[in-house]
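One structure below.
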Amino acid sequence: RDWATLSAWQLVLVQVLWAYLLCGWTFGSELTFELPDNAKQCFYEDITIGTKCTLEFQVVTGGHYDVDCRLEDADGTVLYKEMKKQYDSFTFTAAKNGTYKFCFSNEFSTFTHKTVYFDFQVGEDPPLFPNENRVTALTQMESACVSIHEALKSVIDYQTHFRLREAQGRSRAEDLNTRVAFWSIGEALILLVVSISQVVLLRSFFSDRKTTTTRVGS
């Protein structure tokens, strides 16, 4: 179908869909993964010089909800390094072309595995309308679409953070519930043992004792 035959609203909708597709291609990685104990997991991203990037991560479940994080550029220079962090965000501009590496380490933990979420954004969000500076009859409509687009991105970010908080809170609640259950079982067993001991002790006090009677004859 010829672009000239499209109505104004159809053209706007096509541009919005195209912009969302571009957003999906432009941004980097977003992933939630399991990090076993005594393990280290690394990820790689090809970045061109001058590109603005943001690394954001959060430990969702496991242990004290902490992890080691390290980010290196293409030459192995450390750009970011934090130990036992629960969550953090780091923004930088690539100074070199090449493959950048960021790693999450749980090597300090001997028996607790972690669930880690990270979002590595590469580049800026492309404009919704590349020619939005032109003066046309659709300028007001395009401005409204841009505002809606920005609001929807904020909604997606908030939903992601709320889902992470909900998952973390659920994990803590389940862990607390397990501890309370074991503590209750332990108290019940202790109470049972003490009760039986008291009953046995009281019975020993009131049991019939054999007495020896000596008769003295005249």
* Selected residue (criterion: most open to solvent (accessible area, probe 1.4 Å)) from residues of region 55-87 that are at pLDDT below 90 and among the hydroxyl-bearing types (Ser, Thr, Tyr) -> Tyr87
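Being open to solvent by 30 Å² or more (accessible area, probe 1.4 Å) and of a type in the set (Ser, Thr, Tyr) is the filter here, so list the residues in region 91-111 that pass it.
If we filter region 91-111 for residues that are open to solvent by 30 Å² or more (accessible area, probe 1.4 Å), which is where we start, we get 91, 93, 95-97, 99, 101, 107-108, 110-111.
Listed by number, the residues that qualify are Thr91, Thr93, Thr99, Thr110.
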* **Pair list, Cβ under 9 Å, 6 or more apart: region 46-70 residue of a type in the set (Phe, Trp, Tyr), other residue not in a strand (DSSP E or B)** => Tyr65/Gln86; Tyr65/Gln168; Tyr65/Ser171; Tyr65/Arg172
* Structure fact -> Of Leu192, Leu152, Leu201, Leu176, the only residue that is at pLDDT 80 or above and surrounded by fewer than 10 Cβ atoms within 10 Å (Cβ to Cβ) is Leu201
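The values are calculated or read from the model by the stated rules, or taken from the named source; none is laboratory data. From a predicted model like this one, the values you see are computed outputs, not experimental measurements. Please note: Cβ atoms are built from the backbone with ideal geometry, for glycine as well, and neighbour counts cover all protein chains shown. Just the protein is used for accessible areas: all its heavy atoms, side chains included, with ligands, DNA and RNA removed. Shrake-Rupley method; radii C 1.70, N 1.55, O 1.52, S 1.80 Å.
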